[in-house]
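Shown next, in structure tokens, is the structure this report addresses.
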Amino acid sequence: MSFRPEAVRAFEHAGWQRAASSYGNSFAHATAPFIAPLLAAAEISPGQHVLDLACGPGYLAAAASKLGATAQGLDFSAEMIGIARTTYPEIAVTEGDAEDLPYPDDTFHAVVSSFGLHHVPRPELALAECKRVLKPGARLAFTVWAAPEQNIAWSLLFDAIARHGDRSAAQTPPPGALNRTDQCLRALEAADFVDSSAEMVRAEWFLPNAQALIAALSAGTVRMAAIIAAQHPPALAAIARDIDSQAERFRRDQKLAIPIAAVLARGRKVAS
């Protein structure tokens, strides 16, 4: 099943509008450990002008500001933007399209994106726009979720659905092809970034049980939430029991410490 870019964008937009209010108390706990490595990869320093692309509630932009940068954010979800502006009124946040950035050429010392590019219908256009708005010699850095075989939280859910439910029930657009290091490197090179690299970064997501994992993914994601919502209630109960059984090996101090992984990629615009 193929989806036109406009359909992918509409699906993602509707999902993030819905998830915005609950993201901070749910899925944000999974993305938080990757903020510091992402900013380090972008070599953020005081005085720089930094764009947080697909900024959501603005956590990455706020972290860049704490490093002394002048950060601003862009997102296509008005709901997310409202939260970012309320939480961080000192940060300029713009509603816009990652594939058509509303900034002049050579504006930013760095562009960063925390788990945003794989939600863009055409990441290649977004990367080209990132390069356009970067100053010569400036750096782009982004994180995307690694493939499920590297992401235990994802594989626990997908394997349980395969055994007890229907992975295709939601008929969602397929995830973008940016979940392996080689894919990210090829995308950076195709956009003419230089000094590119991509590495796996690992962390742990602390949750009490399978129901908490399912609840967090349902509340704070789009594609995963749609897959979960499409399962029949009896199947969902069996899925939760399956996850609890499989995840018990990760229990530590009354919580599950579930391994998660991201690809951290970076590249530099050619200096003029």
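The values are calculated or read from the model by the stated rules, or taken from the named source; none is laboratory data. No experiment lies behind these values; they were computed from the predicted model shown. Note that each Cβ is placed from the backbone with ideal geometry, even for glycine, and that neighbours are counted across all protein chains shown.
Quick rundown of the values:
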item	result
Some residue of the range 81-94 being part of a loop (DSSP other than H, G, I, E, B) and among the aromatic types (Phe, Trp, Tyr)	yes
Exclusive hit being among the charged types (D, E, K, R), modelled with pLDDT of 95 or more and touching a Lys or Arg at 6+ places or on another chain (Cβ under 7 Å), set GLU95, GLU99, GLU79, GLU90	GLU99
Every residue from the range 167-182 that is out of contact with any Phe, Trp or Tyr (no Cβ under 8 Å at 6 or more places or on another chain), touching a residue at least 40 places away in the same chain (Cβ under 8 Å) and either over 16 Å from LEU140 (Cβ atoms) or assigned to a helix (DSSP H, G or I) (or both)	ALA169, ALA170, GLN171, PRO175, GLY176, ARG180, THR181
Criterion violated by SER113 - all others in (1) farther than 22 Å from GLU199 by Cα; (2) polar (S, T, N, Q); (3) not in a helix (DSSP H, G or I) satisfied	(1)
Number of positions in the range 6-52 that are of a type outside the set (Lys, Arg), assigned to a helix (DSSP H, G or I) and over 26 Å from SER196 (Cβ atoms)	16
Number of the condition not met by VAL112 [criteria: (1) more than 14 Å from the chain's Cα centre (by Cα); (2) closer than 20 Å to ALA271 by Cα]	(1)
Single unsatisfied condition, GLN150 versus (1) of a type outside the set (Gly, Ala, Ser); (2) part of a strand (DSSP E or B); (3) crowded, with 18+ Cβ neighbours inside 10 Å	(2)
